[in-house]
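A short reminder: the numbers here are calculations on the coordinates, not readings from a lab. Just so we're clear, the structure is a prediction, and the values are computed from it rather than from any experiment. No Cβ is skipped: glycine too gets one built from the backbone with ideal geometry, and neighbour counts run over all protein chains shown.
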Amino acid sequence: MQTLSNPVAQSAAEANPAFDTTIHRRHTRPVKVGSVTIGGGHPVVVQSMINEDTLDIDGSAAAIRRLHEIGCEIVRVTVPSMAHAKAIAEIKQKLSASYQAVPLVADVHHNGMKIALEVAKHVDKVRINPGLYVFEKPSPTRSEYTQSEFEEIGEKIRQTLEPLVITLRDQGKAMRIGVNHGSLAERMLFTYGDTPEGMVESALEFIRICESLDYRNLVISLKASRVPVMLAAYRLMVQRMNESGMDYPLHLGVTEAGDGEYGRIKSTAGIATLLAEGIGDTIRVSLTEAPEKEIPVCYSILQALGLRKTMVEYVACPSCGRTLFNLEEVLHKVRAATQHLTGLDIAVMGCIVNGPGEMADADYGYVGKQPGYISLYRGREEIKRVPEDQGVAELINLIKADDRWVDP
């Protein structure tokens, strides 16, 4: 969590919350997923999901490893059959033998009790969708659900869910109750409509069953493909949990966000908005692209909000008529030379007018101060002025002199 280091800013924030630049994260219970902890004040966890058929042992293990090596902390795999559930054991064994243990989540759908019970032996968390776990084929002639019918199905859900809850509880493993806006159960649709309220009530029904069995290793998600629906559902979930004294961590995501620039913007609009409000303990950016493309977006969201620092933060002006060098070209050169570093803020500013002020919080500055020359700064202090063609090399030397350089 960020802290305010400026005493004046600290005083202003205390006097008026509008000045507070700290993200105050919602208090949640810690939930262990293998070697990773979600919630409990731990850093926001990054997740993704492989595309490979889980029956492909070698392909799945390789895909999981690729994701983990670039920063994906928890990996989800789909488990549509009993054969797939048993294959997870081999995948896990292969990972341990050839790489290392990776926290795994199994995705179980459609009357999946037997599958879930099998795969629970081999993974660290099981994700179920309340709208599909006990799947009821919709009736085209139904006009309503009576209270007795509603309760009857609720009891069937309890009977189906209870064995899974008990085995996860006894093994000390986790469950994600993952509600999707597009797959609400028919009785929830009839009772609450296709609404965030229906999503929240669907999650609460499953939470209460788990709690009645003294099981609380739960993570909750309420995903939708429309950002306003997703935002409303999570906010309502927090409200309802607060009213009920629940402190379960939340998994954030905009499902079916698509691809390309818009898919990234759409995911960021939903995930970052909630994170900025202190809501969310783990995230997944769902892109219609290779899973590896999701991880940089996750870390960029977290870095932009100051929730995790996993890369260099580049501060660069947008360029204008005062700029004394090709700013876009120089920024690319600086980034190419330093992007492997972590924990640094580097500013690239085109002129002296805004440079020192706008880059005041940066560790290092690269500023066009006079034609043909670059001024290099450490914080607010100008260290040296060098010819433009030596700027990047001298920036690296400055970082090395401060013992903050590591070779790529």
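Brief remarks follow.
- The convex hull of the Cα atoms of region 237-395, projected and averaged over all directions, covers 11.6 nm².
- For region 289-303, putting each phi into the Karplus relation 6.51 cos²θ - 1.76 cosθ + 1.60 with θ = phi - 60° gives couplings of 8, 4, x, 4, 6, 6, 5, x, 5, 4, 5, 5, 4, 5, 5 Hz, in residue order, rounded to whole numbers and with x for Gly and Pro.
- Placed amide H near residue 33: partners under 5 Å, 5+ positions off or other chain: 38
- Karplus 3J(HN,Hα) series, Hz, for region 386-400 with 6.51 cos²θ - 1.76 cosθ + 1.60 (x for Gly, Pro): 10, x, 4, 6, 10, x, 5, 4, 6, 4, 4, 4, 5, 5, 5
- Amide hydrogen proximity for residue 374: with H placed 1.01 Å from N in the peptide plane, the residues at 5 or more positions away or on another chain lying under 5 Å are 386, 388.
- Neighbour-count ranking [beta-carbon atoms within 10 angstrom, fewest first] of 79, 315, 36, 406: 406, 315, 36, 79
- Counting DSSP beta bridges with both ends in the chain, the antiparallel % (nearest 5): 30 percent
- Value of [θ]222 nm, deg cm²/dmol, for the chain, DSSP H segments ≥ 4, -39500 (n - 2.57) each, nearest 500: -13000 deg cm²/dmol
- Here the 3J(HN,Hα) profile of region 227-242, calculated from phi with Karplus coefficients 6.51, -1.76 and 1.60 at θ = phi - 60°, is 4, x, 5, 4, 4, 5, 5, 5, 5, 5, 4, 4, 4, 5, 5, 4 Hz, Gly and Pro shown as x.
- Computed from the alpha carbon positions, the gyration tensor of region 120-190 leads to an equivalent ellipsoid with semi-axes of 27, 14, 8 Å, biggest first.
- Alpha-carbon gyration tensor eigenvalues x 5, square-rooted, for region 190-279, Å: 25, 14, 11
- The chain: angle of helix 147-171 to the longest principal axis, Cα-based, in degrees nearest 10: 60 degrees
- Remark: for residue pairs 369/400; 86/266; 309/369; 94/223; 333/400; 309/333, the C-alpha separation exceeds 28 Å in 86/266; 309/369; 94/223.
- Neighbour counting of Cβ atoms within 10 Å sorts the residues 210, 72, fewest neighbours leading, into 210, 72.
- Highest-first arrangement of 45-52, 143-150, 298-305, where packing means the average Cβ count within 10 Å: 45-52, 298-305, 143-150
- In this structure, the amide hydrogen of residue 280, modeled 1.01 Å from its nitrogen in the peptide plane, lies closer than 5 angstrom to those of 26, 250, counting only residues at least 5 positions away or on a different chain.
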